[in-house]
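Q: Take this structure, written in structure tokens, and hold onto it; I'll ask about it next.
Values quoted throughout were computed directly from the atomic coordinates according to the rules given, and no laboratory measurement underlies them. This is a predicted model, so every value here is computed, not measured. Because the Cβ atoms are built from the backbone with ideal geometry, glycine has one as well, and the counts that use them run over all protein chains shown.
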């Protein structure tokens, strides 16, 4: 099938059926053999999600009336064409020709002249249309109204920076496995292969690649010398600070990056990796197997430990709670269009339930690190403030000077240190 047709179908799977790109894209890519074409399909579909409201503005402005029902697939194809013309190095004649040809593959042949006309008009009128574009709101910032509103309320001085960072391509961070070599040693191995990389500003094992590369070219990746993980997510295991001889719970563990990191940093520990999704636990096992590590994997519900817990308390718990994922939009731009404002309150309630349930499993004197990949205070600092009010035996361990019981935790915003958005708070049981 024509690659642009596959791209339109993938975009439709997300916007019309609510599938994630993480599910829809690999399905589409499975019918492509050429790695360059797989990469182009990813570039187009991710790009459409990043630039969606502006692409919609251009396409809708150039149409007499919107396409509805079964004809929506043609609208998605127009978005695919518009993205190529405005945001890629694909030559305009190729972008036009291939997108028009894709009309046959999506079985809408009578729309060929429409697709051709709209895209050619976009080529000609792009500059004048851009000058007429609204200067505020969803079209300007390529975000839904509710995210703009929440970001503005939470970060009155930084909200535009946050939205801008969300719309950038995500860099490729890797985590050096300090059990196998030092970060400096691994940087030297990368340099020997002409892979340009620098040490991260935070964390002891973070490495930023100047350009993303296939993991197959990373030295000894298949035997666990490094893992792909954002610098913000790498802070979890380091903040947890596991010690030899301890029993650790990684709650909500999938896909297993943090589980592996905990085991890499500390020898002679017992780690239980919990997740409610059996398929996602398979990913945890794959990561452990690649690196040659062992953990006890349990499929269970974090809100109901009585169903799976063996009554042996944990010295430390990492709770990377289910969240809105508003901190990792640059890595998953479809989040902007899949999440709803109404989801947030439900997530806050779920976080509270898992937080309270996990606390029961912690030894007296034990440590719990609460983490999310969210930028929203009600999932983060407000969640921890309310937890401290409910649990008199919980004491905040400050992670920096302004980390106080009134404003607890450490909020990394998207783009800080070239990182994703992440939140951490560290608590000790009195």
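Q: Consider all pairwise Cα distances in the stretch 235-429 and report the whole-number % of them above 31 Å.
A: Tail fraction, whole percent: 12.
Q: So how do 4, 247 line up by other beta-carbon neighbours within 10 Å, fewest first?
A: 247, 4
Q: Could you give the nm distance between label points at residue 202 and residue 360, where each point is 7 Å from its Cα heading toward the beta carbon?
A: Calculated label separation equals 3.3 nm.
Q: Multiplying the sequence separation of residue 283 and residue 243 by 0.36 nm and subtracting their Cα-Cα distance, what value in nm do you get?
A: Here the segment from residue 283 to residue 243 would lengthen by 11.9 nm.
Q: Just rank 262, 375, fewest to most, by other beta-carbon atoms within 10 angstrom.
A: In increasing order of surrounding Cβ atoms, one gets 262, 375.
Q: Could you tell me how many cubic angstrom of Cα convex hull volume the stretch 173-280 has per residue?
A: Dividing the Cα hull volume of the stretch 173-280 by its residues yields 106 Å³.
Q: With P(r) over Cα pairs in 20 Å bins from 0, in percent as the read-out, I listed (i) 24, 52, 22, 1; (ii) 28, 53, 18, 1; (iii) 25, 56, 18, 1; which label goes with the value calculated from this structure?
A: (i)
Q: P(r) for the stretch 172-228: what percent of alpha-carbon pairs falls in each 10 Å bin, starting at zero?
A: Cα pair-distance distribution for the stretch 172-228, in percent: 26, 66, 8.
Q: Based on the Cβ-Cβ distance from residue 27 to residue 346, what FRET efficiency comes out when R0 is 22 Å, to the nearest 0.05?
A: In this case the efficiency is close to 0.20.
Q: So for 93, 143, fewest C-beta neighbours within 10 Å to most, what's the order?
A: In order of increasing Cβ crowding within 10 Å: 93, 143.
Q: What number results when the radius of gyration of the stretch 3-133, computed over Cα atoms, is divided by 2.2 N^0.38 Å?
A: For the stretch 3-133, the normalised Cα radius of gyration comes out at 0.98.
Q: Please give the calculated 222 nm ellipticity per residue for the chain, where each DSSP H segment of at least 4 residues contributes -39500 (n - 2.57) and the sum is spread over every residue; nearest 500 deg cm²/dmol?
A: My calculation for the chain gives -13500 deg cm²/dmol from helical runs alone.
Q: Same structure again: If each of residue 130 and residue 301 carries a label point 7 Å out from its Cα toward its Cβ, how far apart are those two points in nm?
A: So the label points at residue 130 and residue 301 sit 5.2 nm apart.
Q: Rounded to whole Å, give me the distance from the Cα center of the stretch 117-164 to that of the stretch 267-286.
A: Their Cα centres are 40 Å away from one another.
Q: Could you give the length gained by full extension between residue 168 and residue 308, i.e. 0.36 nm per residue of separation minus their alpha carbon distance, to one decimal place?
A: 46.3 nm
Q: Considering only C-alpha atoms, what is the centroid distance from the stretch 191-256 to the stretch 296-361, in Å?
A: One Cα centre to the other: 22 Å.
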